[in-house]
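Only one structure is covered here, and it is reproduced in the block below.
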Amino acid sequence: MLVAVGLVMVGTGLPAWIVLIGVALASSVIGLAAGAFTWPLLTALPSRVLGLLENDLLQAMPLYVFMGALLNRLPLADILLRVGERAFSRTGAGAPLAGLGLGVVLAPMNGSVGAGIAMLTRTVLPRLNASGVPVERGAALVTVSSTLGVVIPPSLVLILLSDAMLRAHTEALNVTHAAVRIVNTQDIFRGALVPACILLLLCVLVAWVTGARTRAAVVSIRAAPSWRDWLTAAFTLAFILSLLAAVTLGYLYAVEAAATGGVTLFALALATGTLKFPVLKEVLRDTMVVTGALFALLVGATVFTLIVRAFGTDRWVTSLFAASTTGGTYGPLVAVMLTLGLCAFVLDAFEMTFVVVPVLIPPLLMRVPDATWVAVLTLLILQTSFLIPPFGYAVLMLRNRLGRSLDARRFVRALLPYLIAQLAVLALVLTFPNLLWHDRATLVAPAAGGISDKEIDDLLRRQTEPEDPARAIEPRR
């Protein structure tokens, strides 16, 4: 089913949620005809979808997208870029550092890697070209910046992956019977913070060194930022960073921070007179389009994973890991990470979170004790796969967005230092799990003696059985 999804998406170009539902429905017909499962299992779909959409954490998704749409459509992004270029002008790499900084600020609020590419190619890439940065080097910087939202907390990717890891961790504890605290959103945020900081410092170093080699050959014709621009940039930057830090450190919920940020940016735009009706119309349209696509993908992935599990894929993967005696902890971990990396050549981060993670991660957590470590490695693997040319997702999206060909050799040469930095951080986290900032109480001890077939069957039955209608209408207390 996973191979069919990849082939249909590449061959037809249809939206991912349509492909997921179509492949799931076709596979369910085959499963019913072959006797792999019975019709009552499919009646669990409505309750699963409704139960999924009752998750309070998903309320943050449209609010984050709204903040990103405001920043993209209003002149705030251009102001931040001009002020940043002037602030870093003495380094000799003002434009690259400002472009990277803008990507860091906006990355957590972009709907996807594709949305980040679209925004940065519109705002950052022309500015880099005007400052004398070669096209291939500017394209490499835009590509890397668009993927920073995968690892910088508290991004949309981290929020949704945290929810997926919570479910996966719960399933693993149901089998291993380990009496530990289930991993939560704050654990994933804090775990990703140290690797994200290291990666960001390395990217800044690369942008500084490579940018300083290319002195500006063209003087920018744009006017220098005024004192109002400096004040606006300082307020916007301090406000956004304080909100992100408050969520990451646990002082605010993601929903609270996203609502506060959206209302504040909206009020600022009204006060400055930059939010005209046509702009507001585009902002609301962008928000609804991205949010609708994400929720449609979530529903499609829910249908798909139910059918995948109905065929016994969970039991097969779990039994495979349980029977494996080679490699210890690292054997199953490397196998799953390689699979995630291959899938990331075709699927976006959200598609990976909704489709692949629920299938592969629960069996892995039954063998690997540290759920936060697994989550951070998953994030780093996804980001690395997006940057590998020529099939990396971010690389393909950039080429489609530019609409013109790049010199492949120069582009790979410009992207290589960032990719080396990415691989160095991945190797560091893989070698030193204690590098992460996380609660050791979330470690899972594997069950002694392995996992029995009866426990696996009981777990699968609890995951797929329809909800009792009497319980579904019972009022909450």
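The residue that is nearest to Tyr253 (Cα to Cα), among those in the stretch 123-162 that are part of a helix (DSSP H, G or I) and of a type in the set (Gly, Ala, Ser), is Ser162. Restricting attention to the stretch 243-273, which residues are surrounded by fewer than 16 Cβ atoms within 10 Å (Cβ to Cβ) and under 23 Å from Arg86 (Cβ atoms)? Correct list: Thr272 only.
Note on the stretch 160-184: residues that are out of contact with any Ser or Thr (no Cβ under 7 Å at 6 or more places or on another chain), in contact (Cβ under 8 Å) with a residue 24 or more places away in the chain and under 19 Å from Leu377 (Cβ atoms) total 7. Inside the stretch 38-96, can you point out the residues that are crowded, with 22+ Cβ neighbours inside 10 Å and of a type in the set (Val, Ile, Thr)? Within the stretch 38-96, Val65, Val83 meet the criteria.
Total residues in the stretch 1-24 satisfying the condition of being surrounded by fewer than 17 Cβ atoms within 10 Å (Cβ to Cβ) and free of Cβ contacts under 8 Å to residues at least 40 places away in the same chain: the figure is 7. Taken over the stretch 387-422, the criterion of being loosely packed, with under 13 Cβ neighbours inside 10 Å, assigned to a helix (DSSP H, G or I) and touching a residue at least 12 places away in the same chain (Cβ under 8 Å) is satisfied by Ala408 alone.
Could you list, in sequence order, the residues of the stretch 1-35 that are farther than 17 Å from Val355 by Cα, at pLDDT 85 or above and not in a helix (DSSP H, G or I)? Passing the criteria: only Gly35. Of note, Gly84 does not satisfy the criterion of being of a type outside the set (S, T, N, Q), within 30 Å of Val346 (Cβ to Cβ) and in a helix (DSSP H, G or I).
Evaluating Val105 against the criteria (1) surrounded by 24 or more Cβ atoms within 10 Å (Cβ to Cβ); (2) at pLDDT 80 or above; (3) of a type in the set (A, V, I, L, M, F, W, C) leaves one unmet condition, (1).
A quick yes/no check of all residues on (1) among the hydroxyl-bearing types (Ser, Thr, Tyr); (2) assigned to a helix (DSSP H, G or I); (3) without any contact (Cβ under 8 Å) to a residue 12 or more places away in the chain:
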{"site": "Ala301", "(1), (2), (3)": "no, yes, no"}
{"site": "Thr305", "(1), (2), (3)": "yes, yes, no"}
{"site": "Thr318", "(1), (2), (3)": "yes, yes, no"}
{"site": "Val334", "(1), (2), (3)": "no, yes, yes"}
{"site": "Thr353", "(1), (2), (3)": "yes, yes, no"}
{"site": "Val357", "(1), (2), (3)": "no, yes, no"}
{"site": "Pro362", "(1), (2), (3)": "no, yes, no"}
{"site": "Leu380", "(1), (2), (3)": "no, yes, no"}
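Matching residues to (1) buried (at least 23 other Cβ atoms within 10 Å of the Cβ); (2) β-branched (Val, Ile, Thr):
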{"residue": "Phe295", "(1), (2)": "no, no"}
{"residue": "Leu306", "(1), (2)": "no, no"}
{"residue": "Thr313", "(1), (2)": "no, yes"}
{"residue": "Thr329", "(1), (2)": "no, yes"}
{"residue": "Ala335", "(1), (2)": "no, no"}
{"residue": "Val355", "(1), (2)": "yes, yes"}
{"residue": "Val359", "(1), (2)": "no, yes"}
{"residue": "Pro362", "(1), (2)": "yes, no"}
{"residue": "Val368", "(1), (2)": "yes, yes"}
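The values are calculated or read from the model by the stated rules, or taken from the named source; none is laboratory data. This is a predicted model, so every value here is computed, not measured. Please note: Cβ atoms are built from the backbone with ideal geometry, for glycine as well, and neighbour counts cover all protein chains shown.
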